[in-house]
Every structure is written in C-alpha cells, then in structure tokens.
C-alpha cells in the first residue's frame, strides 16, 4: 500500500534524477544510492502501469465508438429506405 508521501517522494526522485525528454538509458548519478535507484524504478513501473490502464480504457472506448457507428449506419440506412418508400408511395404502414 502506498501513501501520498511515498508517491510524492517517488516523483521528486524521478524529476531530480531522470531527464523526461531523453528516452535513452539513464546512467546513475555518482551520488545516487541504491534506494534512490529503487525509487526511480518503482516510479517507472507505476508510470508504465498507469499508461497501460489508460491504453486499455482508450481501446475500450474506441470499440464502443465503432459499435455506435455501426448501429448509427444501420439506422441511417433504415431511415433512407423509409424515406424512399414514403416518396414513392406517399405513405407506408409499419407492422406492429
């Protein structure tokens, strides 16, 4: 279980010791302790897990949007067909 203080401490170590813009492997600073390195690694794992959760949610949302689009297209085709029938015959009777 992590607390807000631990997360803040992890973020401080991350921002102090790692350049966010550089995707290359970061060499440990000479003054960096094993505990500091462990905290940086823990924050990187935490960050990767959060990104994974966001990606999963985004994919689920995209699937929902695709399903809604498919349903909308089916409704549009039905509406176009009904409109064409009304234009051709003046009225249509829908079954109950």
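Of these, 40, 65, which one is touching a helix residue (DSSP H, G or I) at 6+ places or on another chain (Cβ under 7 Å), at pLDDT 65 or above and either loosely packed, with under 10 Cβ neighbours inside 10 Å or part of a helix (DSSP H, G or I) (or both)?
40
Mind counting the residues in region 18-37 that are modelled with pLDDT of 70 or more and either in contact with a strand residue (DSSP E or B) (Cβ under 9 Å, 6 or more places away or on another chain) or surrounded by 10 or more Cβ atoms within 10 Å (Cβ to Cβ) (or both)?
Qualifying residue count, region 18-37: 4.
If you check residue 59 against the conditions, is it out of contact with any helix residue (DSSP H, G or I) (no Cβ under 9 Å at 6 or more places or on another chain), in a helix (DSSP H, G or I) and modelled with pLDDT under 95?
no
The values are calculated or read from the model by the stated rules, or taken from the named source; none is laboratory data. Quick caveat: nothing in here was measured; it's all calculated off a predicted structure. A quick note on method: Cβ atoms are made from the backbone with ideal geometry, for glycine too, and the neighbour counts reach across all protein chains shown.
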